[in-house]
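Peer 1: Following this message is one structure expressed as structure tokens.
The values are calculated or read from the model by the stated rules, or taken from the named source; none is laboratory data. Bear in mind the structure is a predicted one, so any value in this text is a computation, not a measurement. No Cβ is skipped: glycine too gets one built from the backbone with ideal geometry, and neighbour counts run over all protein chains shown.
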Amino acid sequence: MKKQIYIKIAHYFEAALAIVVMLLVLLSTIDVLKHIFNIFIINSGTMVEYQEINDLLGQIFLLIIGIELVIMLSLHTPDTIVEVLLYAIARKLLLLPKEGAMVELLLGVIAIAGLFMIRRYLINKNPLAEGKD
């Protein structure tokens with residue numbers, strides 16, 4: 001009986017955290033849109049630097065990871081965990097410095113390939129198809 005109460009409280013707490021993350025993503029999306037408007041509309045006469053675009057893409061990937069985190073908190077499936085990891089690794093690869101990061105890039109590509117293999121061969125999408133072999 002006590003365990004069921006703790007589990008119920010934990011699920012409510014997860015739902016509350018998911019709502020907080022969604023609100024954070026919404027507010028941050030507004031901030032990113034303001035930043036895009038400032039860069040491309042207001043300052044359209046000046047050339048946009050690589051670092052600005054890289055920072056902007058990093059912020060957008062962080063918002064995507066936040067959305068995936070909300071999905072992961074609400075669904076509790078292995079596939080959503082793999083998706084969160086894929087986006088996190090892709091964001092890290094995007095933000096690597098242009099020079100001297102070949103080992104990190106190679107490790108990131110290997111990690112993404114490993115996650116695709118996990119998704120393909122270890123996560124069963126259709127449990128009914130398992131008995132038809």
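Peer 1: Kindly provide the set of residues from the range 39-50 that are within 21 Å of Leu95 (Cβ to Cβ), of a type outside the set (A, V, I, L, M, F, W, C) and surrounded by 10 or more Cβ atoms within 10 Å (Cβ to Cβ), ordered by number.
Peer 2: Result: Glu49, single match.
Peer 1: Let me ask something else about it. Looking at the range 1-12, which of its residues are surrounded by fewer than 11 Cβ atoms within 10 Å (Cβ to Cβ) and either part of a helix (DSSP H, G or I) or of a type outside the set (A, V, I, L, M) (or both)?
Peer 2: Lys2, Lys3, Gln4, Ile5, Tyr6, Ile7, Lys8, Ile9, Ala10, Tyr12
Peer 1: Pairs, please: C-beta under 6 Å, at least 6 apart or cross-chain, first residue part of a helix (DSSP H, G or I) and in the range 16-27, second β-branched (Val, Ile, Thr) and surrounded by 11 or more Cβ atoms within 10 Å (Cβ to Cβ)?
Peer 2: Filtered contacts from the range 16-27: Ala18/Val70; Val21/Val70; Met22/Val70; Val25/Ile67.
Peer 1: Same structure again: Might you check whether a residue that is more than 22 Å from Ile65 (Cβ to Cβ), surrounded by 10 or more Cβ atoms within 10 Å (Cβ to Cβ) and modelled with pLDDT of 90 or more occurs anywhere in the range 13-34?
Peer 2: Residues of the range 13-34 that are more than 22 Å from Ile65 (Cβ to Cβ), as a first pass: none.
Scanning the range 13-34, I find no residue that is more than 22 Å from Ile65 (Cβ to Cβ), surrounded by 10 or more Cβ atoms within 10 Å (Cβ to Cβ) and modelled with pLDDT of 90 or more, so the answer is no.
Peer 1: What is the residue count in the range 73-109 for residues that are over 27 Å from Glu52 (Cβ atoms) and either surrounded by 16 or more Cβ atoms within 10 Å (Cβ to Cβ) or in contact (Cβ under 8 Å) with a residue 24 or more places away in the chain (or both)?
Peer 2: Here the count works out to 9.
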